[in-house]
Each structure stands twice: as C-alpha cells, then as structure tokens.
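Take a look at the structure set out below.
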Amino acid sequence: MNNDVVRRGRLTGERSGEMMHFLSSMGADRHLADADLLVDIAHVMMLQKQQIVDPGTAASLLSALLRLYDDGIPESAFGDKFEDIHAGIESFLIESIGEETGGRLHCGRSRNDEVAACLRIRLREDILRQLSIICRLRDVLLTLAESHQDAIMPGLTHLQHAQPTTLAHHLLSYEQAFSRDFERLAQAFSRVNQSPLGAAAFASTGFPISREYTASLLGFDGVIGNTMDAVASRDFALEVLADMAILMLTVSRLCEELILWSSAFVRFISLEDAFCSTSSIMPQKKNPDSAEIMRAKAGSVLGSFMASAVIVKALPMSYNRDLQELTPSLFRGVQDTKHSTGLLADMLASATFDTTRMREEAGRGNATATDLADMLVRRFGLPFRTAHNIVGRAAQKGELSILNVDAAAIEITGTSLSSRGLTTSDISGSLDIEKSLQTKRAAGGPAQVSIVAALEGRKKQLACDRELLDRWKEQIASALAGLIRDARRMVP
Ligand code: ARG
C-alpha cells in the first residue's frame, strides 16, 4: 500500500524497489532525523503562536513529536519507500494520531525549507565538534613543542638539509596552520547558523507565519532574507567542505612527515603500535598505516567538496532535487575529517621522538653555511651576495674549512680573508649549530627566546578560541533545551 503521504494524491502506480531506493535520501537522512524532530516541534509551536492551528491540535502534535524525541524515531519511519525522513516522520505521525491532527503539521512549509533547516542544524553541530577537535590537536602540538624546545633537528627545503631548527619550531608551524583552519570554520559557523524556515517551497506562504520565532526557538543567529535563496543555496555546505578540505591538506602534509620520519632511513619518530599495522608476509614490518589513511582521506574530503560543487553548478533557481545528492557527500566529508583529525591528535600525543637522531642529522650537509656567510658580512663588511659566493665556492671544494673559505675568497674577490684576520675559530664559531639557532631570535624564529614567546602567544590564542567555542555550544544547547521545555509546557 502506498502510505507515503506526499505521493499518494498526485501519483499512481507502483515503483520498483530499485526506483524507490534511487529516489530516496533515507541513507544520508539518518544524519538529519534528530534535527527534523526539532524543526517539526518549532514549526508546530510557531503555528500555534500565530493562531494557524488551535491549541488542542498543537498539543496533540507536540505530544506525538515529544514521544518520538524521548523514545527515538521508529525504524519504520526510515523505510526507503519514503522519499526522505521528512515524509517518513510525517507519515508515521498521520498513521499514529490520525490525519485530522497529524495532517496539520505540514501547513505553511515545504520539505525544501525543512531539509535546508535540518542540514544547517546538523552541520552547525558538526562544525562545533570539529572546532573542538582542532583545539585538541593544537593543544597536543603545543604540549609537544613545549617539551621539545631544545630538540635540535634539521630544517629542510626541497627535502634537503637547509638550516638547523628545533622540533618545537617545526610543531608550532603546524599549530599555527591549524589555528587558521579554526578561524575559517568558525567564520563558516555564523553563515551556516541562519534559518531558512518559512521559505516553504521557495515563495514563502500566505499563512501568517513568524520566521523570526522559529529561528529563535532553534538557536539560529538570524533568518535568511530571500526565501528563494533560502531553499536553493548550498554554499554554506560548500564552504564548510572547502574549509575541511584545506584542513585535511595540512593533515596530509603532517602525515607525510610522520611517515617519512618513521622510516628506517630517518628514524626521527616511533608511532605507537596501536596506530600501525604489520605485513601478512613480512613478519618484521611495522607500518604507519593510520598516517597513510589520513593522508589519503585528504583526497576523499577534497572529492566530497568537488562532488558537491559540481552538483550545484548551473542549477537554475530555486529548489532542484539534485541538491539531495549533495547531502551524502557533505556528511562523508564531515565524518572523514572528524575521524582523521581526532585520531591524528591521539597518534601524535602517543608518539616518541628520537631527539638524538634529530641532533645527528641537524649538523649534516653544511647546514650552517648561511651563518658563515652572515659572519663574513658582519666581520668584513662584504655584500651578502659576495659572501654567499665565497661560501658556495668553498662548499663546492668540500668542507667549510679556513683553507677552502680563503681559497674561495681569493678566487672570487682577489683578496685573502686570512690576511684580513679570519681565524679558524671565526669559522667554527659561525658553524656551531647551537649558536646558530640562538641567533634566530626574530619573532616566530627557532631561538629559545622566540619559542618561549611564541608558546605563550599560541596558548593565549587557543584559550581564547576555546572560550568562543564554549559560548556557541552553550548558546545552542540552551536554545534547544528551552525549545523542548516550552514544547512540554504546551502539552497538558
Ligand atoms: N530529500 C529532499 C532533499 O534532500 C528533501 C526535499 C524534497 N523536496 C522536493 N521538492 N522534492 O533535498
């Protein structure tokens, strides 16, 4: 029997199981079901307040909806004979309390504004959860940086030894990148948290609804003005997916380093066994599979963004069913990002760093040659480019000894630097790794004073971000608690 309340009037004929399944968004709608109940409850409260339904009808509808809220939505409402969860819940209500009452729920609205509201309610929760995870990841990086301020390591460009730095400096670079991901997602939050309700199909409705009232009941920050835009746009979802894809690209870079660092060539890090796998044939293997999957997930999340962007491309106003196809990609992207970043924080927190190996590598490849050139500038007043040429030529000859440096100076400038007072201890002093590091005192650099200052600033920023997050969580939680409390009061 066709008990889909939406289809039964206009359409006849049986659909094949395959057709029902194809048309239904029920799979992804599992993410929206809880939000849909909240939207239904707020809508009924508004209908009564505006005297569109009488108090008795509102009480019966609310009582049935609150039962679903308390006991859970029955599995039958999720059947894919329904086009979506909105039709599933409405059909269930009509079946359980009768059409005379249940049939009044959908007055003055459409599934178009309903689904957009559900998406925004669910997505704002996901954003807040993701922001918390980013904070935890930043916290882990800051804690590790704090305890590795003296851990000297090679800094690389082009994956070649470049200049010495510290593990603290390296980790702080990721923390700073992740703090921008926090900022981006936090900005998206305020655009996501706007109410499309009252737009109905797209043209609003002739019933005297209050869009502001449903928005405030549901903890939205405001109402989306144009009702056509309210149902037709998904840029709020694209924006979140783009932010998540950018976040995951940084995750992928960090994972690439963890994979590299745990290789037998490098041996800078040892990941806890729980985050590794072994081989089914080579019994000695310990592989960084979790980091590899996180690296790959960056591709999946970017794919979710790409799929969603291409789905909305060229859609005419206003609602088109294509938009339904965006929902699974949205939640896949959200889940992948959540799992990857949460597990990455755990993996980093439990890893051990081999600081002896790092120190060994820090001195390789003439990593302090720049400091030697800088010394020649300071000591002999040479232009930097000349000093750079001299040290480059000396490096070409082999080690940066006084013999090679002086021979290079004569070749390039025609003058001996030894004769002008250059000594072996000038050379060895400027090549000293520890000394070199402590000269890098510019803001944001790797010298201990700069790291100490950076740590203090970054911790303050994190505390500030966490405060903002707590305020938003509290705002949403108290709005929704108020909604349910007020709804209960309306049921005798
Ligand atoms: N399941 C649909 C979606 O996800 C809900 C809106 C259906 N509206 C319609 N006019 N067919 O977009």
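The values are calculated or read from the model by the stated rules, or taken from the named source; none is laboratory data. In this text the structure is predicted, and so the values were computed from the model without any measurement. FYI the Cβ positions are ideal-geometry reconstructions off the backbone, even for glycines, and counts take in every protein chain you see. Accessible surface areas use protein heavy atoms only, side chains included; no ligands, DNA or RNA. Shrake-Rupley method; radii C 1.70, N 1.55, O 1.52, S 1.80 Å.
Key figures
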read-out	value
Test for Ala87: is it in contact with a Pro (Cβ under 6 Å, 6 or more places away or on another chain) and within 16 Å of the ligand (Cβ to nearest atom)	no
Phe236 open to solvent by 50 Å² or more (accessible area, probe 1.4 Å) and under 30 Å from Asn320 (Cα atoms)	no
Unique match (being within 16 Å of the ligand (Cβ to nearest atom) and touching a Ser or Thr at 6+ places or on another chain (Cβ under 9 Å)) among Ala215, Ala199, Ala245	Ala199
Members of the stretch 102-122 that are more than 16 Å from the ligand (Cβ to nearest atom) and open to solvent by 30 Å² or more (accessible area, probe 1.4 Å)	Gly103, Arg104, Cys107
Every residue from the stretch 188-240 that is basic (Lys, Arg) and part of a loop (DSSP other than H, G, I, E, B)	Arg234
Test: residue in the stretch 56-68 that is within 13 Å of the ligand (Cβ to nearest atom) and charged (D, E, K, R)	no
Sole residue being in contact with a helix residue (DSSP H, G or I) (Cβ under 8 Å, 6 or more places away or on another chain) and open to solvent by 10 Å² or more (accessible area, probe 1.4 Å), chosen from Ser147, Ser132	Ser132
Pairs, first more than 19 Å from Glu325 (Cβ to Cβ) in the stretch 3-26, second in a loop (DSSP other than H, G, I, E, B) and open to solvent by less than 70 Å² (accessible area, probe 1.4 Å), C-beta under 6 Å, six or more apart	Asp4/Phe82; Arg8/Asn2
Enumeration of residues in the stretch 73-84 that are within 13 Å of the ligand (Cβ to nearest atom) and closer than 18 Å to Gly9 by Cα	Phe82, Glu83, Asp84
Any hit, the stretch 474-490, residues being among the basic types (Lys, Arg) and either open to solvent by less than 40 Å² (accessible area, probe 1.4 Å) or more than 30 Å from Pro55 (Cβ to Cβ) (or both)	no
Cross-chain or 6+ apart pairs with Cβ under 6 Å, the stretch 77-97 first and in contact (Cβ under 8 Å) with a residue 12 or more places away in the chain and charged (D, E, K, R), then within 10 Å of the ligand (Cβ to nearest atom) and part of a helix (DSSP H, G or I)	Asp80/Met26; Glu83/Leu23; Asp84/Asp29
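To keep it simple, each residue is scored yes or no on (1) at positive phi; (2) open to solvent by less than 10 Å² (accessible area, probe 1.4 Å); (3) at pLDDT 95 or above; (4) not acidic (Asp, Glu).
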| position | (1), (2), (3), (4) |
| --- | --- |
| Ile41 | no, yes, yes, yes |
| Val44 | no, yes, yes, yes |
| Gln48 | no, no, yes, yes |
| Gly56 | no, no, yes, yes |
| Ala64 | no, yes, yes, yes |
| Ile73 | no, no, yes, yes |
| Lys81 | no, no, no, yes |
